[in-house]
Structure formats: C-alpha cells, structure tokens
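A.B. asks: Below is the structure I would like to discuss, written out as structure tokens.
What follows draws every value from the coordinates through simple rules; no lab data is involved. Quantities reported herein were computed from a predicted structural model and do not represent experimental measurements. Using ideal geometry, Cβ is built from the backbone for each residue, glycine included, and neighbour counts are taken over all protein chains shown.
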Amino acid sequence: MAGKRRSGFANDRRAYYYAHLTPGCPSITINNIATFNGETWILNNNTTILACQILIIPLNSILIIPDGLTITNNGTITNNDTIKNSGTINNTGILNNTTIGTIYNTYESLLNVGIINNVGTINNNGQFNNSYSLSRLNNSGKFYNNINGILRNNSGATFINNNGGEITNNGEIDGGTDIVPTNFINNIGGQIYNNNKIYLFVNHIFANYGTITNVGNGSFNEFRIFNLAILNNNSGGIITNTNSGIIFSESTVNNIGIIYNNNSATLINDESATLNNSGTIFNNNNGVITNNNILNNSGTINSPSSTGSCGIGIINGIITNTGTINTSNDACP
C-alpha cells in the first residue's frame with residue numbers, strides 16, 4: 001500500500017531539524033541536569049556542557065547552582081529567566097543573558113556566595129548582578145553589556161577584569177550603595193570600552209591598572225563618580241576620555257597613571273570633589289577640565305593654550321600646583 005505523501009513543508013521541516021543536529025552530540029535540557037522542587041530547579045551534580053551543546057533556561061524557570069557545585073560551559077547557555085549562583089560557573093563558551101533574563105552571582109544572603117570565571121564570551125542584554133561580600137566575577141574573556149543590559153556590582157562584591165579581558169559597555173554598569181566597600185579592578189592588560197553609562201555609587205572603589213576608553217560618539221555618555229566613591233587610576237593605568245565623553249566626579253579621583261582628555265571631552269571635578277594628580281594629564285584638542293573644588297597637581301598637566309599640532313585645551317578653575325603645568329603649543333601626547 002502506498003504511504004502518505006509528505007508535504008513540502010514537512011520535508012523542509014525535517015531537513016531543517018536534521019541539518020541543525022550535531023552528529024554524536026547529546027541534547028541537554030534543564031530537566032537533564034536539575035531537579036524541580038515545585039518552585040525552582042536545583043542543579044544535581046557538577047555539570048559540563050559540551051562545546052556542541054546548547055542549554056536553554058526557559059521562561060518561568062529558575063536554575064539554582066548550590067554551594068559546592070560547578071557548571072562548566074564549553075558550549076552555549078541562553079538564559080530566558082533566572083540563574084542564581086552560589087557555586088561556580090566556569091564559562092569558556094558563550095553565556096547569553098537575554099532581555100528577559102536575570103543572573104545573580106550570589107543571591108539573597110551571604111550564605112549564597114558565588115564565583116563566575118569567564119574566559120569565553122558573555123552577552124548581557126538583561127540584568128547581571130554581582131552582589132554581596134566574597135562574591136567574585138573574574139573576566140579574562142569578552143563581556144558585552146549591550147544596550148538594554150545592566151551590570152550591577154554591589155554590596156561588597158568584587159569584579160576583576162584580568163589581562164586579556166575586554167568589557168564593552170553599551171548599556172549601564174553601576175554599583176556600590178552599601179556600608180561594605182565594593183571593588184571593581186581592571187588589571188594590567190585589561191580593557192574597558194564605555195559607550196554609555198558607568199555609575200560608581202557610595203563605597204564603590206574602582207582601581208584601574210589597565211586601559212579605560214570613555215567614548216561619547218555624539219550620544220549621551222558618562223563615567224560618573226558619585227559621592228563617597230573612589231576612582232584610582234594607578235601606575236600603568238590609562239584613561240582616555242574622548243569624542244565628547246564626560247567624566248563627572250562628585251567624589252575622589254586619584255591619578256598616578258595617565259589621563260587623556262581630548263576631542264571635545266569634558267572632565268568635571270564638581271563642588272564636593274577632589275582630583276589628586278601625581279601622574280600625567282593630557283588635555284588637548286578642545287578638551288575641557290572644569291574644577292569646582294579641589295584639584296591638587298604634583299605631577300604634570302599638559303594643556304596647550306594656543307593652537308598647535310594637537311589643538312588647545314581649556315582649564316576652568318583654580319589648580320593647587322606643586323608640579324608642572326605645561327601650556328605651550330607643543331604640550332601634546
């Protein structure tokens with residue numbers, strides 16, 4: 001007896017299905033690795049996601065990684081709801097946090113301390129929270145905080161961007177607002193590209209030993225240090241504020257390294273702020289430094305007062321100077 005004839009649609013669907021299977025690669029779902037307790041999914045054991053595998057956290061699902069357990073991702077994790085980590089996530093593959101996704105590295109109490117080690121790629125389009133003392137996010141790969149993404153580092157947590165680590169921010173990075181100091185460390189060889197907003201709130205200590213580039217690109221862009229936060233640009237650290245970028249400080253900035261302020265960028269030291277420079281500042285090509293409180297210079301400030309090879313720099317306000325202020329037209333980088 002002749003069999004039923006398949007429609008073209010059915011044949012296309014089967015072809016699509018088989019074309020997207022990796023031969024020899026087992027599928028993986030949340031119920032393969034975790035147990036549902038009526039409210040949340042609890043990871044059963046240490047789990048490795050193979051390079052060929054894709055784990056999807058579905059909508060209306062919460063995956064908890066308990067203390068003492070580890071997920072090692074060599075493939076892809078796509079989070080469409082919630083991941084709560086009090087164990088360890090080692091990412092060498094791709095971790096996607098969608099616009100409806102939330103990731104908590106440590107959650108709800110100090111008893112749930114998490115560690116995330118990234119040497120792969122993290123794409124954050126939702127909320128990514130690194131919270132509480134002892135919580136740590138170590139980035140040696142690529143972290144993309146996209147236009148809808150919020151990366152929050154607070155309540156005593158530590159975010160470390162290591163040698164080779166790249167953070168590209170087109171969304172918002174913020175944190176602090178707690179009695180316990182919160183730390184953000186950009187190590188030697190680490191790079192941070194800010195194309196939108198970085199906000200350091202109360203007790204947020206940002207230590208830079210690597211490279212930070214703050215770019216305006218014609219749209220709103222701001223690196224803001226709120227009251228009681230601290231930005232330390234240490235020896236070897238480079239901060240470039242350019243293309244109408246804004247660095248706005250209401251607190252303390254200590255510069256031992258190099259700050260470039262150029263291409264119509266603005267560095268504002270506000271009425272309650274202190275800028276201590278014992279390193280080098282280049283202010284040129286219509287860069288503007290506005291001091292409304294305390295600017296102590298024991299290093300070097302280069303700010304051409306007449307048009308030369310790198311354009312003029314503008315300084316508004318009074319500088320307490322025990323170092324060098326070079327205003328010649330060749331005071332260029």
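A.B. asks: Once the Cβ-Cβ distance between ASN74 and ASN31 is put in as r, and R0 is 25 Å, what FRET efficiency do you end up with, to the nearest 0.05? Show your work: numbers first, answer last.
C.D. replies: On the way: r = 20 Å, r/R0 = 0.82.
Efficiency, from the Cβ-Cβ distance: 0.75.
A.B. asks: What does the charge count near GLU222 come to, summing +1 for each Lys or Arg and -1 for each Asp or Glu among other residues with Cβ under 14 Å from its Cβ? Can you show the working numbers first?
C.D. replies: Details: positive: LYS197, ARG224; negative: GLU172, ASP174, GLU250, ASP270.
Neighbour charge sum, excluding GLU222 itself: -2.
A.B. asks: Please work out the Cα convex hull volume for the chain and give it in Å³ per residue.
C.D. replies: On the way: hull volume 55.0 nm³, N = 333.
Convex hull volume per residue, Cα atoms: 165 Å³.
A.B. asks: Can you give the relative contact order of segment 36-196 as a percent, counting alpha carbon pairs under 8 Å and 6+ residues apart? Spell out each step's value before the answer.
C.D. replies: On the way: 538 pairs, mean separation 22.9, N = 161.
So the answer I get is 14 percent.
A.B. asks: Name the residues whose placed amide hydrogens come within less than 5 Å of the amide hydrogen of ILE289, ignoring near sequence neighbours (fewer than 5 apart) on the same chain.
C.D. replies: Amide H neighbours of ILE289, under 5 Å, 5+ apart: LEU267, ILE314, ILE315, ASN316.
A.B. asks: Between ASN292 and THR40, what FRET efficiency follows from the Cβ-Cβ distance if R0 is 51 Å, with the result rounded to 0.05?
C.D. replies: Result of the calculation: an efficiency of 0.55.
A.B. asks: Still on this structure: In whole angstrom, how far apart do the alpha carbon centroids of segment 83-134 and segment 265-287 sit?
C.D. replies: 35 Å
A.B. asks: Quote the FRET efficiency, to the nearest 0.05, computed for THR320 versus ILE147 with a Förster distance R0 of 41 Å and r equal to the Cβ-Cβ distance.
C.D. replies: Values: r = 41 Å, r/R0 = 1.00.
Working from the Cβ atoms, E equals 0.50.
A.B. asks: Only helical DSSP H runs with n ≥ 4 go in: add -39500 (n - 2.57) per run for the chain, normalise by residue count and round the 222 nm mean residue ellipticity to 500 deg cm²/dmol. Mind dumping the intermediate values first?
C.D. replies: Details: 2 runs with 16 residues, N = 333.
Using -39500 (n - 2.57) per qualifying helix, the result is -1500 deg cm²/dmol.
A.B. asks: With a cut-off of 8 Å between alpha carbons and a minimum separation of six or more residues, what is the relative contact order of segment 95-147 in percent?
C.D. replies: On the way: 113 pairs, mean separation 22.1, N = 53.
It comes to 42 percent, rounded to a whole number.
A.B. asks: So for CYS310, CYS25, fewest C-beta neighbours within 10 Å to most, what's the order? Before the final figure, lay out each step's value.
C.D. replies: Working: CYS310 19, CYS25 13.
By the 10 Å Cβ count, ascending: CYS25, CYS310.
A.B. asks: Can you give me the long-range amide H partners of ASP81? Hydrogens built in the peptide plane at 1.01 Å from N, cutoff under 5 Å, separation of 5 or more residues or another chain.
C.D. replies: Correct list: THR102.
A.B. asks: For the chain, what is the relative contact order in percent, using Cα pairs closer than 8 Å and at least 6 residues apart in sequence? Please list the in-between numbers first.
C.D. replies: Details: 1132 pairs, mean separation 23.0, N = 333.
About 7 percent, as a whole number.
A.B. asks: On to the next question. Can you tell me the Rg and Dmax of segment 36-196, counting just the alpha carbons, in angstroms?
C.D. replies: Over segment 36-196's Cα set, Rg and Dmax evaluate to 14.5, 46 Å.
A.B. asks: Charges only on Cβ, +1 for Lys and Arg, -1 for Asp and Glu: so what's the dipole of the chain about the Cα centre, in debye to the nearest 20?
C.D. replies: Numbers: 11 positive and 14 negative charges, 269 e Å.
That gives the chain a dipole magnitude of about 1300 debye.
A.B. asks: Show me, for segment 299-308, the HN-Hα J-couplings you get by feeding each phi into the Karplus relation (A = 6.51, B = -1.76, C = 1.60, θ = phi - 60°), rounded to Hz, glycine and proline as x.
C.D. replies: Whole-Hz 3J(HN,Hα) from phi for segment 299-308: x, 9, 10, 9, 8, x, 9, 9, 5, x.
A.B. asks: Could you identify which residue out of GLY317, GLY114, GLY171 has the top mean-square fluctuation in a GNM of the chain using Cα springs shorter than 10 Å?
C.D. replies: Highest fluctuation of the listed residues: GLY317.
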